[in-house]
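The values are calculated or read from the model by the stated rules, or taken from the named source; none is laboratory data. Quick caveat, the model's predicted, so the values are computed rather than measured. Please note: Cβ atoms are built from the backbone with ideal geometry, for glycine as well, and neighbour counts cover all protein chains shown. Side chains are part of the model used for accessible areas, which takes the heavy atoms of the whole protein and leaves out ligands, DNA and RNA. Shrake-Rupley method; radii C 1.70, N 1.55, O 1.52, S 1.80 Å.
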Amino acid sequence: NTSINRKIEYLVLAKNVGFDVPSTSIVQSKTALNRFFIENNGMVVAKAINENIMFDIKNGDGVVCPTVVITDTDVEKSSDKFFPTLLQQKVQKKIDIRVFYFLGKVYSTAIFTPEKHKSEIDYRVVDRIGENLTRIVPYKLSESDVEKVERFMKLVGRESGSLDFVLSFDNKMYFLELNPVGQFGFISDACNFYIEKEIAKKL
């Protein structure tokens, strides 16, 4: 599957340009799952192995397949063999960082997710109303990180896209993935970037 290969390729290329990347593995057996779980001290998440959108029939919304935490109970109850699953080291994060890249311009935001809330693991799972609204503010990348973003996007051959990172408590910025489609509306609105205006100018 080319999209799966690209997802892994993006992690490799991100590491090549100098970004930190969480330990990652695709497993399909209980033995491999248990090994990865132990190697990462029980700090593991499972992610979509491919870009996908599910449809919520009740609400009529398109929803993403969220990142989920793997527990020791999950490992214990796992089948001996299962469908290939993408596992990744769970980084203890201060904030999520979403970067939108468009023709050499970099727009970056910090995303604060409430602790002990469903969006803490995956900021895409957010409240639409209530007290736990996700806070999104502009975030200034270092010149070094901006250069890495530019080199990465040139390597993958993309003129635009959204890059997801997490900032750890020891201030390391870990690359998680690239969304080539690059949804930007929510960060543009929250941070008054007017990205759609810049895109319209180029078109």
Exercise for the section: May I ask you to list pairs of residues, at least six apart or on different chains, whose Cβ atoms are under 6 Å apart, with the first in the stretch 22-41 being farther than 27 Å from residue 165 by Cβ and the second being open to solvent by 60 Å² or more (accessible area, probe 1.4 Å)? Expected result: 29/81; 30/80
Exercise for the section: Tally the residues that are part of a helix (DSSP H, G or I), out of contact with any Leu (no Cβ under 7 Å at 6 or more places or on another chain) and open to solvent by less than 20 Å² (accessible area, probe 1.4 Å), restricting the search to the stretch 5-32. Expected result: 2
Completion exercise
Of the residues in the stretch 159-203, those that are open to solvent by 80 Å² or more (accessible area, probe 1.4 Å), touching a Gly at 6+ places or on another chain (Cβ under 8 Å) and assigned to a loop (DSSP other than H, G, I, E, B) come to 181
Completion exercise
Pairing a residue in the stretch 170-185 that is modelled with pLDDT under 85 with any residue that is surrounded by 15 or more Cβ atoms within 10 Å (Cβ to Cβ) and of a type in the set (S, T, N, Q), where Cβ atoms lie under 8 Å and the two sit 6 or more apart in sequence or on different chains, gives 181/162; 182/160; 182/162; 183/162; 184/162
